[in-house]
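These notes are about the structure you will find just below.
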Amino acid sequence: MLGERTLVLIKPDAVKRGLIGVICQRFEQVGLKIVACKLVSATRKQLNGHFPASDDWIRGMGEKTLQTYNEYAMDPLEFLGTDDSFQIGLKIKEWNYHYLSLGPIMIMVLQGIHAIDAVRKLIGHTLPYKAAPGTIRGDFSINAPDLANLVGSACKNLVHASDNKAEAEWEIVNWFEPTEILSWERADEFLHFVQGESVDTKKETTMKYAALEQTFKALKCDDPRNAAEYA
Ligand code: DAT
Ligand code: MG
């Protein structure tokens, strides 16, 4: 249960605004664990792997954009030169490639209970002006797609996070080698998630020892000095 993993990408606007620290804090403070992290300049190949190539995804993106145009009584033909959802989806995809290439991005894998849903909740609505206060997008941005589209840009929204299990799986493989993902335990993990008011002390003791054993194993792998200390 504690092993669910999700991919988070801190986008160039957030990196350039110096928001890496406050964004990571939001994840760490709820108990999510960073198990992989790196600052990269995204390559075309990595971006090709990140954005789905399926026609359905592209058309869905176009349909969402058409909804926005409808909402603001904007004429897609005037701003985008087409009202075809597939063609619009392709355009948004290309804008996203450009957006993620504006500077360094910080990519990380977060692990924890319901990591995928928990992170989506913490980042908030896709469009920052609609994102609730208290969420990352809602607290640090007010961007909206009508203006973004007008200037020929994706709606800048600071962070990306996997939306579901399948997306998390392919995104993690796209950005990280298996050896870049580390297995380690936070010091508060047992207290936070396992220890309870349990009447079933046998079960709790078993879990406690399993957790301790894992910690010792990890320490032994990390640092040979600890191996002697804890042997
Ligand atoms: P999310 O990032 O919340 O999963 P998404 O997958 O639907 O949202 O869209 C991918 C990105 O595309 C999103 O982070 C910002 C951009 N985007 C979405 N809708 C847009 C629109 N109508 N105009 C411009 N950019 C948009
Ligand atoms: Mg998405």
Looking only at segment 71-107, filter to residues that are under 27 Å from PHE176 (Cα atoms), in contact (Cβ under 8 Å) with a residue 60 or more places away in the chain and assigned to a helix (DSSP H, G or I); which one of those is farthest from the chain's Cα centre (by Cα)? ILE92
Options SER153, SER162: the member that is within 16 Å of ligand 2 (Cβ to nearest atom) and among the hydroxyl-bearing types (Ser, Thr, Tyr): SER162
Starting from residues that are over 26 Å from ALA148 (Cβ atoms) and among the small types (Gly, Ala, Ser), keep the ones in segment 1-53 and report whichever is surrounded by the fewest Cβ atoms within 10 Å (Cβ to Cβ). GLY3
Could you name every one of the helices (runs of 4 or more DSSP H) located completely within segment 112-158 that has at least 1 residues being at pLDDT 95 or above and of a type in the set (Phe, Trp, Tyr)? 136-140
Within segment 177-196, is even one residue surrounded by fewer than 18 Cβ atoms within 10 Å (Cβ to Cβ), within 11 Å of ligand 1 (Cβ to nearest atom) and not in a helix (DSSP H, G or I)? no
Tell me, please, whether a residue that is surrounded by fewer than 15 Cβ atoms within 10 Å (Cβ to Cβ), assigned to a loop (DSSP other than H, G, I, E, B) and in the same structural domain as LEU102 (by TED's automatic domain parsing) can be found in segment 54-70. yes
Answer yes or no: is there a residue in segment 160-175 that is away from ligand 1 (no atom under 16 Å from the Cβ) and at pLDDT 90 or above. yes
Within segment 119-162, can you find the residues that are under 21 Å from GLN67 (Cα atoms) and of a type in the set (Val, Ile, Thr)? THR126, ILE142, VAL151
Looking at (1) without any contact (Cβ under 8 Å) to a residue 40 or more places away in the chain; (2) in contact with a helix residue (DSSP H, G or I) (Cβ under 7 Å, 6 or more places away or on another chain); (3) not polar (S, T, N, Q), which is the only condition VAL159 fails? (1)
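To keep it simple, each residue is scored yes or no on (1) in the same structural domain as VAL35 (by TED's automatic domain parsing); (2) crowded, with 18+ Cβ neighbours inside 10 Å.
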{"position": "GLY112", "(1), (2)": "yes, yes"}
{"position": "LEU122", "(1), (2)": "yes, yes"}
{"position": "HIS125", "(1), (2)": "yes, no"}
{"position": "PRO133", "(1), (2)": "yes, no"}
{"position": "VAL151", "(1), (2)": "yes, no"}
{"position": "SER162", "(1), (2)": "yes, yes"}
{"position": "TRP170", "(1), (2)": "yes, no"}
{"position": "ALA210", "(1), (2)": "no, no"}
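The values are calculated or read from the model by the stated rules, or taken from the named source; none is laboratory data. All of these numbers come straight from a predicted model, not from anything done at the bench. We place every Cβ from the backbone using ideal geometry, glycine too, and count neighbours over all the protein chains shown.
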